[in-house]
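Visitor: Take this structure first; my questions come after.
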């Protein structure tokens, strides 16, 4: 009986030591985040070429969305409203990633329209929110 009580006490002690909130491990956001900025953009005929730089942990880049605003008249001070989101995978022919430099080429644009663009980048760690570049005016 004494042995049985001793075992119960040991089980109770080990159980208390193992208790607590059990959660899935999360990435350390400070080590896994990145930011993206457009460094150069140019329109040639119906193709848009954007060069961007990724600061931080660029290896965690999972998705790229080229967000285009298309308008009949230029309005650089208007709120940015996405007309066309274009999903791209890093490493595809349209979105070439070399270290922290990203080059995007998107064709089929109307040279008679006015465009503004922004990049949205998704992290491989879903708990980390997407990041966005600033909005740029595409000069014709």
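The values are calculated or read from the model by the stated rules, or taken from the named source; none is laboratory data. All values derive from a computational prediction rather than experimental measurement. With ideal geometry, Cβ positions are generated from the backbone for all residues, glycine too; neighbour counts draw on all protein chains shown.
Visitor: Before we move on, is residue 102 surrounded by 13 or more Cβ atoms within 10 Å (Cβ to Cβ), closer than 15 Å to residue 38 by Cα and in contact with a strand residue (DSSP E or B) (Cβ under 8 Å, 6 or more places away or on another chain)? Lay out the reasoning, then the answer.
Guide: Details: surrounded by 13 or more Cβ atoms within 10 Å (Cβ to Cβ): yes; closer than 15 Å to residue 38 by Cα: yes; in contact with a strand residue (DSSP E or B) (Cβ under 8 Å, 6 or more places away or on another chain): yes.
Spelling it out, residue 102 is indeed surrounded by 13 or more Cβ atoms within 10 Å (Cβ to Cβ), closer than 15 Å to residue 38 by Cα and in contact with a strand residue (DSSP E or B) (Cβ under 8 Å, 6 or more places away or on another chain).
Visitor: Can you work out which of the residues in the stretch 105-129 that are surrounded by 13 or more Cβ atoms within 10 Å (Cβ to Cβ) and part of a loop (DSSP other than H, G, I, E, B) is farthest from the chain's Cα centre (by Cα)?
Guide: 113
Visitor: Please state which of the following conditions residue 29 fails to meet, knowing it meets all the rest: (1) loosely packed, with under 10 Cβ neighbours inside 10 Å; (2) at pLDDT below 90.
Guide: (1)
Visitor: What pairs come up if the first residue lies in the stretch 61-88 and is touching a residue at least 40 places away in the same chain (Cβ under 8 Å), the second is exposed (fewer than 11 other Cβ atoms within 10 Å of the Cβ) and not in a strand (DSSP E or B), and their beta carbons are under 6 Å apart, counting only those six or more places apart or on different chains?
Guide: Filtered contacts from the stretch 61-88: 69/81.
Visitor: Examine the stretch 43-50 for a residue that is without any contact (Cβ under 8 Å) to a residue 40 or more places away in the chain and either surrounded by 11 or more Cβ atoms within 10 Å (Cβ to Cβ) or farther than 12 Å from residue 136 by Cα (or both), and state whether such a residue exists. Don't jump to the end; show me each part of the working.
Guide: Let us first name the residues in the stretch 43-50 that are without any contact (Cβ under 8 Å) to a residue 40 or more places away in the chain, namely 44.
Subsequent filtering for residues that are either surrounded by 11 or more Cβ atoms within 10 Å (Cβ to Cβ) or farther than 12 Å from residue 136 by Cα (or both) retains 44.
Checking the stretch 43-50: at least one residue is without any contact (Cβ under 8 Å) to a residue 40 or more places away in the chain and either surrounded by 11 or more Cβ atoms within 10 Å (Cβ to Cβ) or farther than 12 Å from residue 136 by Cα (or both).
Visitor: Of the conditions (1) modelled with pLDDT of 95 or more; (2) surrounded by fewer than 16 Cβ atoms within 10 Å (Cβ to Cβ); (3) in contact with a strand residue (DSSP E or B) (Cβ under 7 Å, 6 or more places away or on another chain), residue 139 satisfies every one except a single condition; which number is it?
Guide: So residue 139 meets the others, but not (1).
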